[in-house]
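Here is the structure we will look at, set down as structure tokens.
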Amino acid sequence: MEKFNYAMIGCGMMGQEHLRNLNLIDDANVVAVFEPDDNMAQIALALTNGAKRTASIEELIKQENIDALVISSPNFLHAEQLEQVFQETKLPVLVEKPVVTQLEQVEIIRRLAERHPAPVWVGMEYRYMPAIAFLIEKVNDGILGHPKMLTIREHRYPFLEKVADWNRFNRYTGGTLVEKCCHYFDLMRLLVNANPVRVMSSAGIDVNHQNERYKGEQPDILDNAYVIVEFDSGQRAMLELCMFAEGSRFQEEICVIGPEAKAEAFVPGPNRFHNPDLGTAPIPKVIISPRDKTQPQELEIPVDSKLLAAGDHNGSTFFQHQRFLNAIKGKGKVEVTVDDGLKAIVMGLAAQHSAQIGKTAVITNNGFSYTIS
Ligand SMILES: NC(=O)c1ccc[n+]([C@@H]2O[C@H](COP(=O)([O-])OP(=O)(O)OC[C@H]3O[C@@H](n4cnc5c(N)ncnc54)[C@H](O)[C@@H]3O)[C@@H](O)[C@H]2O)c1
């Protein structure tokens, strides 16, 4: 069987999730990694079949046997590393979200990506969680009628510790509503199939990180938020984020309502954080509730235990890699484009800004910018 050789830029928690999932794909093989942290590099290399550790990105991309790159370095490095990859290679690339962290980077990356001759895919794994994928399919089938309202609720554990604590500060992450919530803004765009026009948000740092200090500095990342988004189609969506709610049965709850019915998806958090004293981990499910007084239909959407063990994202990283590989082979299209990734970031940046100054942001430039005053 022909093998497709991958090289990894950044092999911390998420990079290792990519490695474990690529190991489940028969024709994928990781041949090189660039990971500056010795401890992370050792763990990552042990997950490969003899991959080479390089001392720099330059050395990595000069390897002759590489067919694709995966970028899973800290958020603030994505834009500059993508620029380098676009300028110095013609390789397919999967870049973790958020594709950029600053508004000024949006146009630069957009232009460079447009000219890149190979597939560029942004890691929006949540689209591929089986229960969420099923919900999207049902909404697209039209069983709700034209969706009018969408609520996404994430109730979860606080941000985990990261290498060099980069995720404790907005300047490295883009802010919580960019870093974490770009997934949800991406899902909003996908589920309503329309363009956002206004974003308003209220958010705070009310429980977590209060007593943490890094070189004397207190984290400035939000731990709870409400964000309301209006779309040019008249549809509206709301995000509710709480990062001090790890006791919740389900981590993500998504509810879409149209004139004919309501559809909900429920996804539990990572298996490794499930408390066995509370019984077995909940199975993801979708509930469809028609308005015509027939019974709501409740469907369990289980995920293969091998996929659950390979990561924290309900099997989605595996399904995303299958599709990315199809795009590399020319057998499928890029489903999460750089434009998709950037538009979700613009919504996140607008939400961060709205919460900061208490005003509504207006999305401009076809989704690639915003104004607020
Ligand atoms: N899609 C998802 O659901 C999801 C989930 C978690 C993380 N992520 C994303 O994955 C990325 C990595 O997050 P993480 O949780 O693995 O963080 P992490 O801190 O565990 O890993 C980041 C790794 O990058 C390494 N690194 C530091 N400087 C580097 C450089 N110049 N070049 C390459 N690597 C460098 C660090 O040593 C570390 O090992 C982030 O962008 C994050 O937003 C995505």
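Scan the stretch 74-90 for residues that are touching an Asp or Glu at 6+ places or on another chain (Cβ under 8 Å) and touching a residue at least 40 places away in the same chain (Cβ under 8 Å) and the total you get is 1. Taken together, Glu83, Glu35, Glu64 contain a single residue that is over 17 Å from Ala118 (Cβ atoms) and among the acidic types (Asp, Glu), which is Glu35. Here is the figure for the stretch 179-200: residues that are assigned to a loop (DSSP other than H, G, I, E, B) and without any contact (Cβ under 8 Å) to a residue 60 or more places away in the chain total 2.
Identify, please: which residue in the stretch 314-373 is hydroxyl-bearing (Ser, Thr, Tyr) and in a helix (DSSP H, G or I) and is, among those, nearest to Glu300 (Cα to Cα)? Even if it seems obvious, please write down each step before you answer.
First, pick out the residues of the stretch 314-373 that are hydroxyl-bearing (Ser, Thr, Tyr): 316-317, 337, 354, 360, 364, 369-371, 373.
Remaining after also requiring in a helix (DSSP H, G or I): 316-317, 354.
Working: Ser316: 16, Thr317: 20, Ser354: 38 Å.
Checked the stretch 314-373; the qualifying residue nearest to Glu300 (Cα to Cα) is Ser316.
Could you grab me the full set of residues in the stretch 97-110 that are within 16 Å of the ligand (Cβ to nearest atom) and either without any contact (Cβ under 8 Å) to a residue 40 or more places away in the chain or of a type in the set (Gly, Ala, Ser) (or both)? Even if it seems obvious, please write down each step before you answer.
First, pick out the residues of the stretch 97-110 that are within 16 Å of the ligand (Cβ to nearest atom): 97-102, 105, 109.
Listed by number, the list holds a single entry, Gln105.
Among the residues of the stretch 171-203, those identified as away from the ligand (no atom under 15 Å from the Cβ) and hydroxyl-bearing (Ser, Thr, Tyr) are Ser201, Ser202. The stretch 201-309 holds strands (runs of 3 or more DSSP E) entirely within its bounds, and those carrying 1 or more residues that are under 26 Å from Ala355 (Cβ atoms) map to 224-231, 236-242, 252-257, 261-267. Among the residues of the stretch 293-319, which ones are in contact (Cβ under 8 Å) with a residue 24 or more places away in the chain and among the charged types (D, E, K, R)? Within the stretch 293-319, Lys306, Asp312 meet the criteria.
Going by what's in this entry, would Arg272 be described as of a type in the set (Lys, Arg), at pLDDT below 95 and either in contact with a strand residue (DSSP E or B) (Cβ under 6 Å, 6 or more places away or on another chain) or in the same structural domain as Thr173 (by TED's automatic domain parsing) (or both)? Yes; evaluated as a whole, the condition is true for this residue. Does at least one position in the stretch 55-63 carry a residue that is within 16 Å of the ligand (Cβ to nearest atom), closer than 26 Å to Pro270 by Cβ and in contact (Cβ under 8 Å) with a residue 24 or more places away in the chain? Within the stretch 55-63 (the criterion being within 16 Å of the ligand (Cβ to nearest atom), closer than 26 Å to Pro270 by Cβ and in contact (Cβ under 8 Å) with a residue 24 or more places away in the chain), the answer is no, since none of the residues qualifies.
Which count do you get for residues in the stretch 1-20 that are outside any loop (DSSP other than H, G, I, E, B), within 15 Å of the ligand (Cβ to nearest atom), in contact with a strand residue (DSSP E or B) (Cβ under 9 Å, 6 or more places away or on another chain) and of a type outside the set (Phe, Trp, Tyr)?
Initial filter on the stretch 1-20 (outside any loop (DSSP other than H, G, I, E, B)): 4-9, 13-20.
This time we only want the ones that are within 15 Å of the ligand (Cβ to nearest atom), so: 6-9, 13-20.
From what's left, in contact with a strand residue (DSSP E or B) (Cβ under 9 Å, 6 or more places away or on another chain): 6-9, 14-15, 18-19.
Retained after the next criterion (residues that are of a type outside the set (Phe, Trp, Tyr)): 7-9, 14-15, 18-19.
Residues meeting the conditions: 7.
Of all residues in the stretch 23-58, those satisfying the criterion of being in a helix (DSSP H, G or I) and over 15 Å from Val95 (Cα atoms) are Asp38, Asn39, Met40, Ala41, Gln42, Ile43, Ala44, Leu45, Ala46, Glu58.
In the stretch 153-170, which residue that is of a type in the set (A, V, I, L, M, F, W, C) and surrounded by 15 or more Cβ atoms within 10 Å (Cβ to Cβ) is farthest from the ligand (Cβ to nearest atom)?
Filtering the stretch 153-170 down to residues of a type in the set (A, V, I, L, M, F, W, C) leaves 159-160, 163-164, 166, 169.
Next, only the ones that are surrounded by 15 or more Cβ atoms within 10 Å (Cβ to Cβ) stay: 159, 163, 166, 169.
Values: Phe159: 9, Val163: 4, Trp166: 6, Phe169: 13 Å.
Looking at the filtered set, the residue picked out is Phe169.
As a summary of the residue check, Leu150 satisfies the conditions (1) surrounded by 15 or more Cβ atoms within 10 Å (Cβ to Cβ); (2) farther than 22 Å from Phe250 by Cα; (3) touching a Lys or Arg at 6+ places or on another chain (Cβ under 9 Å) except for the one numbered (2). Restricting Leu24, Leu45, Leu94 to residues that are under 18 Å from Gly311 (Cβ atoms), more than 9 Å from the ligand (Cβ to nearest atom), surrounded by fewer than 22 Cβ atoms within 10 Å (Cβ to Cβ) and at pLDDT 95 or above narrows the list to Leu24.
The values are calculated or read from the model by the stated rules, or taken from the named source; none is laboratory data. These figures come from a predicted structure and were not determined experimentally. Positions of Cβ are generated from backbone atoms using ideal geometry, with glycine treated the same way; all protein chains shown enter the neighbour counts.
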